[in-house]
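Each remark here refers to the structure printed beneath this line.
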Amino acid sequence: SIASRYSYNFSWLGRPIIQYPQDMVAMQELIWSVQPDMIIETGIAHGGSLIFSASMLELNAACGGPQDASVLGVDIDIRPHNREAIEAHPLYRRIEMIQGSSVAPEVVGQVRAKASGKKRILVCLDSNHTHEHALAELQAYAPLVSVGSYCVVFDTVIEKLPREMYPDRPWGPGNNPKTAVREYVKAHTEFEIDKLIDNKLMISVAPEGYLKRVR
């Protein structure tokens, strides 16, 4: 599925989402159960994930959930045509975007400021997939996650893929989001890998990447 670029087959409410349907269903379940008033996402690409999260928050609000819930997306390079399409979307009213490196101190500071006062925060990390970057994102944003909510680290599947599948990328086996997750959870026992989600999905780009904050 990776070689055939399966995740590029799908869109959400008109925007390419670049995710597996199984993970999209898992995220829907988490957003409903957590009822977050803020979702923080690193990695925007075409904006499909931002639109997906905004639509889930809209449904939560229609069912009595947080009425002013919002999505905050961070990307080092928001292409003008993608920004234009996202800003033109009917659900943009629930979306904010920050352009800059997700691990730059000034960007982390902006995100933390916007998260201040929020009661239930859910985080999704899906930008640069090197160990160093993913670990830095975990250190910056996982502490914002509310108890009972999740920090979802995407593309942990890279650990089990042949190195030659990413000849033009700095990441691969031994240097990817899963290795970062392993290092982070060893030092942060407030998070546990929710393996029930792995067992349910069976097919996912984020095996052992659904981290639940339990304390």
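Rule-based calculations on the coordinates, nothing more; no lab input. No experiment lies behind these values; they were computed from the predicted model shown. Cβ atoms come from the backbone with ideal geometry, glycine included; neighbour counts cover every protein chain shown.
Search the structure for amide H atoms under 5 Å from the amide H of S11, placed 1.01 Å from N in the peptide plane, and list their residues when 5 or more places away or on another chain.
I17
Considering amide H positions built from the backbone, and no H for Pro or chain starts, which residues 5 or more places from E41, or on another chain, come under 5 Å of its amide H?
L72, G73, V74, C124
What is the Cα centroid distance between segment 167-215 and segment 57-89, reported in whole angstrom?
The distance from the Cα centre of segment 167-215 to that of segment 57-89 comes to 25 Å.
Could you estimate the translational diffusion coefficient of the chain from the Stokes-Einstein equation, with Rh from the Kirkwood formula over C-alpha pairs, at 25 °C and 0.890 mPa s, in whole µm²/s?
On the way: Rh = 17.2 Å.
The estimated diffusion coefficient comes to 143 µm²/s.
Kindly rank 7-16, 125-134 from highest to lowest mean number of other beta carbons found within 10 Å of each residue.
Details: 7-16: 15.4, 125-134: 22.7.
Per-residue mean Cβ counts within 10 Å order the peptides as 125-134, 7-16.
In a GNM of the chain with a 10 Å cut-off on Cα contacts, which of L50, L196, L144 has the highest mean-square fluctuation?
L196
Along segment 4-21, what does the Karplus equation 6.51 cos²θ - 1.76 cosθ + 1.60 (θ = phi - 60°) give for ³J(HN,Hα), rounded to whole Hz, x for Gly and Pro?
Once rounded to whole Hz, the list reads 8, 6, 4, 5, 7, 7, 10, 9, 10, 6, x, 10, x, 10, 6, 9, 7, x.
How are the Cα pair distances of segment 18-82 distributed, in percent, across 10 Å bins from 0?
21, 51, 25, 3
Using modelled amide H (1.01 Å from N, peptide plane; none on Pro or chain starts), what sits under 5 Å from the amide H of R79, excluding residues fewer than 5 places away?
The list, which skips near neighbours in sequence, is empty: none.
Among V107, V181, V25, determine the one that fluctuates most according to a GNM of the chain built with springs between C-alpha atoms less than 10 Å apart.
Taking springs between Cα atoms under 10 Å, the residue moving most is V25.
Using the C-alpha atoms of segment 42-151, what convex hull volume per residue, in cubic angstrom, is computed?
Details: hull volume 10.6 nm³, N = 110.
Measuring per residue, one finds 97 Å³ for the Cα hull of segment 42-151.
Given 37 °C and 0.692 mPa s, how large is the Stokes-Einstein diffusion coefficient of segment 168-215 in µm²/s, with Rh as the Kirkwood radius over Cα pairs?
Values: Rh = 11.7 Å.
Reported coefficient: 280 µm²/s.
Once each part is reduced to its C-alpha centroid, what is the distance from segment 1-42 to segment 111-135 in angstrom?
Result: 16 Å between the Cα centres.
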